[in-house]
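Chemist: Quick one: structure below, then a few questions.
The values are calculated or read from the model by the stated rules, or taken from the named source; none is laboratory data. The model shown is predicted, which means the values in this text are computed figures rather than measured ones. Counting neighbours? That spans all protein chains shown, and the Cβs are built from the backbone with ideal geometry, glycine included. Just so you know, the surface numbers come from the protein's heavy atoms only, side chains and all, with ligands and any DNA or RNA stripped out. Shrake-Rupley method; radii C 1.70, N 1.55, O 1.52, S 1.80 Å.
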Amino acid sequence: MNVAEFVTSSAQKRPDHPALRLGEFTQSYAELDEATARVATLLGTLGHKPGDSVGMTLPNVPEFAAIYYGILRAGGVVIPMNPLLKGREVAYFLEDSDARILFSANTFIAEAKEGAEQTGATVVEVVPGEFASVLQDHEPATGMVDRDPSDTAVLLYTSGTTGRPKGAELTHSNLGRNAEIVRDTVITLTDEDIILGGLPLFHAFGQTVTLNAGMAAGATLVLLPRFEPTEALQTMAAQKTTIFAGVPTMYAAMLGVSDAPALPNLRQCASGGASLPVEVLRRFEEAFGCKILEGYGLSETSPVASFNHPHLERKAGSIGTPLQDVEMRIVDDNGEVVAQGERGEIAVKGHNIMKGYRGRAEATAEVLSEDGWFRTGDIGIVDEDGYYFVVDRKKDLVIRGGYNVYPREIEEVLYEHPAIAEAAVVGIPHDSLGEEVGAAVAFRAGESATEDEVREFVKERVAAYKYPRVVWVVDELPKGPTGKILKREITLPETQKDA
């Protein structure tokens, strides 16, 4: 079994069908398949052997797919990295994964070379649009290295919020089955679909839901090297996009585009990566006439664990029901299942669970039980119909004077305010209460409100201990590569105003 078979199989069925598009450039499945075979040969000339790790620092360009599947075709392990990483960070990923080869886009080559020099890795420079001429010097590899389903295909590094990033080992079975199930039961992709590739392909969400599921379906993936809301909407309109998958901040950003084009071909949207505010969901569907299905997952779950399925009832604010062949439950600190409706930690078991964190048996044991249950670190509940709801990250919980305040609940209220575009609720150290509830907000273009007005808006809608006593306005909230709000990077106000 090899995930690269997605491309080869689609190339055999419809060789001339568009696989990838970027601007005016189109690459057919036959051309992409041949490019992956040439990458496999190139790797062999560099001393690569099956099982070896290979790094990538590339944006969303066609070369990403050719190299990604080329590494897999050669039996290698892909180490996808954010191309914005600095040299020391690149060095850490290369060293931790034992990668001795690194493909880097020319625009990020300086940091890539700096990191490679520290580890002795060989850098292959990739100039988007010109790399095909380099590959012409290498004959296409015949065949494909067969891998056991349990062999590691991709090493995805976690964000490192609790220490240095850890590499989650995702197998060919993990990624292959997750993509196939998403294709068949969630987004119901066909080879006639056109997907907007705005999610970073180096991230789990983009890899599985747009790249792997798209290639497995024989669909066309339209790439955006960098997500920008106006360009995204214009591209979807021009390319007659049928599928869009994004994170909540992308949906919120597109709502802020004036004179947005109509999207009559858009038939299905998917949201993940963070909780989608119900108000954002409602407004987007009203504006563009396309239903959003919200799902849930983590890097360690390949990443999809649950979704609001198209053939079942959708519950706004819910992450839906477990994916096919996946189990979920809500547990207490001892791992015992809590009563229906009670809060607890979400645990997941199934085909999608990682082998473990590379070289970190102790860290793996902390989150993965011997019988295969993965502890996500997310607080959730399950209702009487089996639908799951994320209340908050376990580590984001604010404990104010002994009372638990779940930021997600307060953020939902903040998003109802007509002037607010983005909001994040965090705990602020407090001498007597332990923590105070704080809220950082960014306003929509042309809108404004005072901090007191925002505070009063929430105060009228939640219990007295929950509303944010401290409110401050920012131009925008810090975000990670997928557009997910990074609470750990939010700068707290110098002065705190009590109310």
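Chemist: Within the stretch 382-467, considering only strands (runs of 3 or more DSSP E) that don't extend past its boundaries, which have at least 1 residues that are of a type in the set (Lys, Arg)? Give the derivation first.
Modeler: Numbers: elements: 388-393, 398-400, 403-405, 420-430, 434-443.
Filter on the stretch 382-467 gives 388-393, 398-400.
Chemist: Another one. If we scan the stretch 101-110, do we find a residue that is under 30 Å from HIS351 (Cβ atoms) and either hydroxyl-bearing (Ser, Thr, Tyr) or not in a loop (DSSP other than H, G, I, E, B) (or both)?
Modeler: Taking the stretch 101-110 first, the residues under 30 Å from HIS351 (Cβ atoms) are 101, 103.
Filter once more, so that each one left must be either hydroxyl-bearing (Ser, Thr, Tyr) or not in a loop (DSSP other than H, G, I, E, B) (or both): 101, 103.
The answer is yes, given that some residue of the stretch 101-110 is under 30 Å from HIS351 (Cβ atoms) and either hydroxyl-bearing (Ser, Thr, Tyr) or not in a loop (DSSP other than H, G, I, E, B) (or both).
Chemist: Here is a follow-up. Taking the criterion of being at pLDDT below 95 and among the charged types (D, E, K, R), would at least one residue in the stretch 168-189 satisfy it?
Modeler: For the stretch 168-189, residues at pLDDT below 95 and among the charged types (D, E, K, R): absent.
Chemist: Here's a follow-up. Which one of the conditions (1) within 23 Å of ALA204 (Cα to Cα); (2) open to solvent by less than 40 Å² (accessible area, probe 1.4 Å); (3) in contact with a helix residue (DSSP H, G or I) (Cβ under 9 Å, 6 or more places away or on another chain) does PHE288 fail to meet, given that it meets all the rest?
Modeler: The failed condition is (1).
Chemist: Can you pull out the residues in the stretch 266-313 that are β-branched (Val, Ile, Thr) and not in a helix (DSSP H, G or I)? Steps first, answer last, please.
Modeler: Kept after step one, since they are β-branched (Val, Ile, Thr), are these residues of the stretch 266-313: 278, 280, 292, 301, 304.
Hits for the stretch 266-313 are ILE292, VAL304.
Chemist: Next question. Restricting attention to the stretch 7-56, and to residues there that are free of Cβ contacts under 8 Å to residues at least 60 places away in the same chain and β-branched (Val, Ile, Thr), which single residue is surrounded by the most Cβ atoms within 10 Å (Cβ to Cβ)?
Modeler: So the residue we want is VAL54.
Chemist: Let me ask you something else. So if I check each of VAL39, VAL61, VAL3, VAL78, which one is more than 19 Å from ASN174 (Cα to Cα), under 20 Å from the mean Cα position of the chain (by Cα) and not charged (D, E, K, R)? Before you say what the answer is, go through the steps one by one.
Modeler: Details: VAL39 fails: under 20 Å from the mean Cα position of the chain (by Cα); VAL3 fails: more than 19 Å from ASN174 (Cα to Cα); VAL78 fails: more than 19 Å from ASN174 (Cα to Cα).
Of the residues listed, the single one that is more than 19 Å from ASN174 (Cα to Cα), under 20 Å from the mean Cα position of the chain (by Cα) and not charged (D, E, K, R) is VAL61.
Chemist: Out of ALA305, ALA347, ALA270, I need the residue that is at pLDDT 95 or above, open to solvent by less than 20 Å² (accessible area, probe 1.4 Å) and closer than 25 Å to PRO478 by Cβ. Which one? Break it down into steps so the answer makes sense when it comes.
Modeler: Numbers: ALA305 fails: closer than 25 Å to PRO478 by Cβ; ALA347 fails: closer than 25 Å to PRO478 by Cβ.
After ruling out the rest, the residue left standing is ALA270.
Chemist: If we scan the stretch 66-86, do we find a residue that is open to solvent by 30 Å² or more (accessible area, probe 1.4 Å) and assigned to a helix (DSSP H, G or I)?
Modeler: No, the conditions are met nowhere in the stretch 66-86.
Chemist: Another question about this same structure. Are any residues in the stretch 314-336 closer than 17 Å to ASP385 by Cα and either in a strand (DSSP E or B) or open to solvent by 20 Å² or more (accessible area, probe 1.4 Å) (or both), and if so, which ones? Write out each step before concluding.
Modeler: At the first step, the residues of the stretch 314-336 found to be closer than 17 Å to ASP385 by Cα are 314-324, 326-330.
ARG314, LYS315, ALA316, GLY320, THR321, PRO322, GLN324, VAL326, GLU327, MET328, ARG329, ILE330 - these are the residues of the stretch 314-336 that are closer than 17 Å to ASP385 by Cα and either in a strand (DSSP E or B) or open to solvent by 20 Å² or more (accessible area, probe 1.4 Å) (or both).
Chemist: Please find, among ALA168, ALA179, ALA153, the residue that is surrounded by 20 or more Cβ atoms within 10 Å (Cβ to Cβ), small (Gly, Ala, Ser) and either farther than 22 Å from PRO62 by Cβ or out of contact with any Ser or Thr (no Cβ under 8 Å at 6 or more places or on another chain) (or both). Talk me through it step by step, then tell me what you get.
Modeler: Numbers: ALA179 fails: either farther than 22 Å from PRO62 by Cβ or out of contact with any Ser or Thr (no Cβ under 8 Å at 6 or more places or on another chain) (or both); ALA153 fails: either farther than 22 Å from PRO62 by Cβ or out of contact with any Ser or Thr (no Cβ under 8 Å at 6 or more places or on another chain) (or both).
Of ALA168, ALA179, ALA153, the one residue that is surrounded by 20 or more Cβ atoms within 10 Å (Cβ to Cβ), small (Gly, Ala, Ser) and either farther than 22 Å from PRO62 by Cβ or out of contact with any Ser or Thr (no Cβ under 8 Å at 6 or more places or on another chain) (or both) is ALA168.
Chemist: Do we find a residue being over 30 Å from LEU298 (Cα atoms) and either at pLDDT below 90 or open to solvent by less than 30 Å² (accessible area, probe 1.4 Å) (or both) anywhere in the stretch 444-454? If you could, list the steps in order and put the result at the bottom.
Modeler: Quick first cut of the stretch 444-454, residues over 30 Å from LEU298 (Cα atoms) only: 445-454.
Retained after the next criterion (residues that are either at pLDDT below 90 or open to solvent by less than 30 Å² (accessible area, probe 1.4 Å) (or both)): 449, 454.
The answer is yes, given that some residue of the stretch 444-454 is over 30 Å from LEU298 (Cα atoms) and either at pLDDT below 90 or open to solvent by less than 30 Å² (accessible area, probe 1.4 Å) (or both).
Chemist: All but one of (1) more than 23 Å from ASN404 (Cβ to Cβ); (2) open to solvent by 70 Å² or more (accessible area, probe 1.4 Å) hold for VAL474, so report the exception by its number.
Modeler: So the condition that VAL474 fails would be (2).
Chemist: With respect to VAL348, determine if the residue is out of contact with any Phe, Trp or Tyr (no Cβ under 8 Å at 6 or more places or on another chain) and aliphatic (A, V, I, L, M). Explain how you work it out, then say what you get.
Modeler: On the way: out of contact with any Phe, Trp or Tyr (no Cβ under 8 Å at 6 or more places or on another chain): no; aliphatic (A, V, I, L, M): yes.
Answer is no for this residue.
Chemist: May I pose another question? Yes or no: the stretch 279-294 includes at least one residue that is closer than 20 Å to LYS395 by Cβ and in contact (Cβ under 8 Å) with a residue 24 or more places away in the chain. Lay out the reasoning, then the answer.
Modeler: Step one: filter the stretch 279-294 for residues closer than 20 Å to LYS395 by Cβ, giving none.
Within the stretch 279-294, not a single residue is closer than 20 Å to LYS395 by Cβ and in contact (Cβ under 8 Å) with a residue 24 or more places away in the chain.
Chemist: Please work out which one of (1) over 21 Å from ALA65 (Cβ atoms); (2) open to solvent by 10 Å² or more (accessible area, probe 1.4 Å); (3) in a helix (DSSP H, G or I) is the condition VAL134 fails and give its number.
Modeler: Only one criterion is unmet by VAL134, namely (1).
Chemist: Just to be sure, is THR190 within 24 Å of THR321 (Cα to Cα), over 17 Å from the mean Cα position of the chain (by Cα) and open to solvent by 10 Å² or more (accessible area, probe 1.4 Å)?
Modeler: Working: within 24 Å of THR321 (Cα to Cα): yes; over 17 Å from the mean Cα position of the chain (by Cα): yes; open to solvent by 10 Å² or more (accessible area, probe 1.4 Å): yes.
So THR190 passes the test.
Chemist: Note down all Cβ pairs under 7 Å where the first residue falls in the stretch 461-483 and is of a type in the set (A, V, I, L, M), the second is open to solvent by 10 Å² or more (accessible area, probe 1.4 Å) and part of a loop (DSSP other than H, G, I, E, B), and they're at least six residues apart or on different chains.
Modeler: VAL470/PRO493; VAL470/GLN496; VAL470/LYS497; LEU477/ILE490
Chemist: Additional query: Looking only at residues that are open to solvent by 10 Å² or more (accessible area, probe 1.4 Å) and within 10 Å of the chain's Cα centre (by Cα) in the stretch 193-212, which one is nearest to LEU58 (Cα to Cα)?
Modeler: Filtering first and then ranking leaves PHE202.
Chemist: Are any residues in the stretch 225-239 out of contact with any strand residue (DSSP E or B) (no Cβ under 6 Å at 6 or more places or on another chain) and either closer than 24 Å to SER10 by Cα or in contact (Cβ under 8 Å) with a residue 24 or more places away in the chain (or both), and if so, which ones?
Modeler: Of the residues in the stretch 225-239, the ones out of contact with any strand residue (DSSP E or B) (no Cβ under 6 Å at 6 or more places or on another chain) are 225-235, 237-238.
Passing the criteria: PRO225, ARG226, PHE227, PRO229, THR230, ALA232, LEU233, GLN234, THR235, ALA237.
Chemist: Count, please, the residues in the stretch 344-370 that happen to be more than 17 Å from TYR296 (Cα to Cα) and touching a residue at least 12 places away in the same chain (Cβ under 8 Å).
Modeler: Residues in the stretch 344-370 being more than 17 Å from TYR296 (Cα to Cα) and touching a residue at least 12 places away in the same chain (Cβ under 8 Å): 10 in total.
Chemist: Looking only at the stretch 101-117, decide whether some residue is crowded, with 18+ Cβ neighbours inside 10 Å, closer than 28 Å to PHE6 by Cβ, at pLDDT 95 or above and hydroxyl-bearing (Ser, Thr, Tyr).
Modeler: Checked against the condition, which is being crowded, with 18+ Cβ neighbours inside 10 Å, closer than 28 Å to PHE6 by Cβ, at pLDDT 95 or above and hydroxyl-bearing (Ser, Thr, Tyr), the stretch 101-117 yields at least one hit.
Chemist: Which members of the stretch 405-432 meet the condition of being free of Cβ contacts under 8 Å to residues at least 40 places away in the same chain and open to solvent by 30 Å² or more (accessible area, probe 1.4 Å)?
Modeler: If the condition is that a residue be free of Cβ contacts under 8 Å to residues at least 40 places away in the same chain and open to solvent by 30 Å² or more (accessible area, probe 1.4 Å), then PRO418, PRO429, HIS430, ASP431, SER432 are the ones that fit.
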